[in-house]
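These notes concern the structure reproduced below.
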Amino acid sequence: MTGTTLGAQLLSTRPGTGTLLGAATGTALGPHSTGQPTVTSLAVANPGSLIQSVDWVAIAPPLIAALAALAVLVADLFLPARHKKLLGGITAAGLALALIALLPLTGGSPRATFCAQNVTGVTDNAGCSYVADHFALVFQLLALGGALIAALLSVHTVDEERLPGGEYWFLLLSSATGAALLPASRDLATLVIALEVASLPAFALVALRRDGRGAEAALKFFLTSVTATAVMLLGVGFVYAASGSLHLGAVAGGLEHAPAQLKPLAEAGAVLTMVGFAFKVAAVPFHFWVPDTYTGAPLPVAGYLSVVGKAAGLSGLALVTTIAFRPYAHTWGLVLAVLAAVTMTAGNVGALRQRFDTRYSAVRLLAWSSVGQAGYLLVPLAAAGYAPTGTDPLGATAAYALIYGVVNLGAFGVVAAVGRRAGTSVDDFRGLFARRRWTALALAFFLLCLAGLPPGVIGLFGKVVVFRAAVDSGLGWLAVVMAVNVVVALYYYLLWTARLFAPADPAGTAGTAGAVTERRLPASLAATLGLTASAAVVLSVAPQLVLQVVGGTLF
């Protein structure tokens, strides 16, 4: 499926002669040409169609994050060493402004820009490369909000671990820019670029910790990502060859009417394209990098990857399946259903096998937990392949992703508070309530939300919404697998929660971490814990603030 290109508009055929005119030279190029130059007007019927107007309000959220990244990079060159701490404030301010830029987009119809007038066979905004609809706004809120919390969490980490501030903040903002661009992308080329912009700075962020573990973690992360990206690019090439377009809406039309001999190529391309996004979601079998990468990275970076990285991959996976690969809904629906079941099971089994007395076991437990949570997030996507016309299970994924983002970043914040300057095991949290009451209560609430138990009501509602999406779409077996995994996950969540209120070990098994927690928390870390805990409590009291996205359509 191809449209009229700029070159085709500048090269026209003389009526009645079959002669092609060279727009650049004005010379007749037909087979019966006399060789004499012909004067040809370069004007097109509608000159305005060649001028691309940009909706700056629509692209403001990722654009502000990108400009903030450039501002940090330039400021780092001129600020003296004693003023480098200002870079963290610039980063937080830029992300806050990017979040505010979402407000003008919340009312009215979706806004689109970078639209191709020559994409045939599409309707509405399907020929546009950037669309700020409800789907994009929800995931941009999650990406930019998660990046802001990670930035607040990073202020003390950059200082205490003596990380290079200019590079750290620039890379964080650059990755957040890609994560915010991805859910608004509506063609395969922009999706791939946005995914790489979100991923490449993350490799460097992981490697910034200079203790040996950071380099190893970044290498595992990088090699897995490169493999997944190569496979995805091969799939994009297959899809383009079969459909003749890169715009998601036009891809769907092209695949639906593709010749029979191209259908195997198209189906293979669809599966391969999903690989790159499955890697970002940390779905099986692309999950092996998660525990080691989270352990080797600075804790705020691990929290960022667990939420913002997962949101970017999830949004890309939702876009390519529900829009571009819509003709193969039952095929990718079954693939995602199996992937969801295997991923949640592998994550929970890995968490169950994690020993609580080993160094960094708290981070590794959260890493395996994030793999299990990725399985839950994939359930509504699988349900979208089987959902009857008029229903939109993607709202369940968006709602659960928002809930998960708040509580998981809060849990990483508590681990950062307890494990400052030391590796933290789960046993280091024994008796935390006696030492830091409010910190212990916050972590207990976060863990109960992740488990889906009261008083973590918002976590319970999120799981119910996901469960209902599977049942309503006829995936009863997947709902059963999810229910079993939720029960299994209760064991390690409750076991960790019980550690918080257990009597402290008189022999001092908490060791260095226990001594560190007696110090006063840095203001940025205390603010992060207060912000995430308050948000979790508010959402538990008024869950409709998040769950309202389930009721309507996101596209």
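The values are calculated or read from the model by the stated rules, or taken from the named source; none is laboratory data. Here the structure is a predicted model, which is why all the values come from computation and not from measurement. Because the Cβ atoms are built from the backbone with ideal geometry, glycine has one as well, and the counts that use them run over all protein chains shown. What goes into the accessible areas is simple: the full protein's heavy atoms, side chains included, and nothing from ligands, DNA or RNA. Shrake-Rupley method; radii C 1.70, N 1.55, O 1.52, S 1.80 Å.
So here's what we get for this one:
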read-out: Proximal charge balance of Trp289 [Cβ under 15 Å; K/R count +1, D/E count -1]; value: +3
read-out: Solvent-accessible area per residue for the stretch 124-248 (1.4 angstrom probe, square angstrom); value: 32
read-out: Sequence ranges 177-186, 202-211, 106-115, 238-247, ranked by mean other-Cβ count within 10 angstrom, highest first; value: 177-186, 238-247, 202-211, 106-115
read-out: Carbon/sulfur fraction of accessible area - the stretch 197-332, other protein chains in place, 1.4 Å, %; value: 70
read-out: Gain in span if fully extended, Ala502 to Ile100, counting 0.36 nm per residue against the direct Cα distance; value: 140.4 nm
read-out: Packing-based order for 144-150, 342-348, using average beta carbon neighbours within 10 Å, highest first; value: 144-150, 342-348
read-out: For peptides 317-324, 530-537, sequence by mean Cβ density within 10 Å, most packed first; value: 317-324, 530-537
read-out: The stretch 254-311 - accessible surface per residue (Å², probe 1.4 Å); value: 28
read-out: Built amide H within the under 5 Å cut-off of Ala112, gap 5+; value: Ala132
read-out: The stretch 369-475 - charge dipole about Cα centre, Lys and Arg +1 at Cβ, Asp and Glu -1, debye rounded to 20; value: 560
read-out: Share of carbon and sulfur in the accessible heavy-atom surface of the stretch 124-168 [1.4 Å probe, %]; value: 54
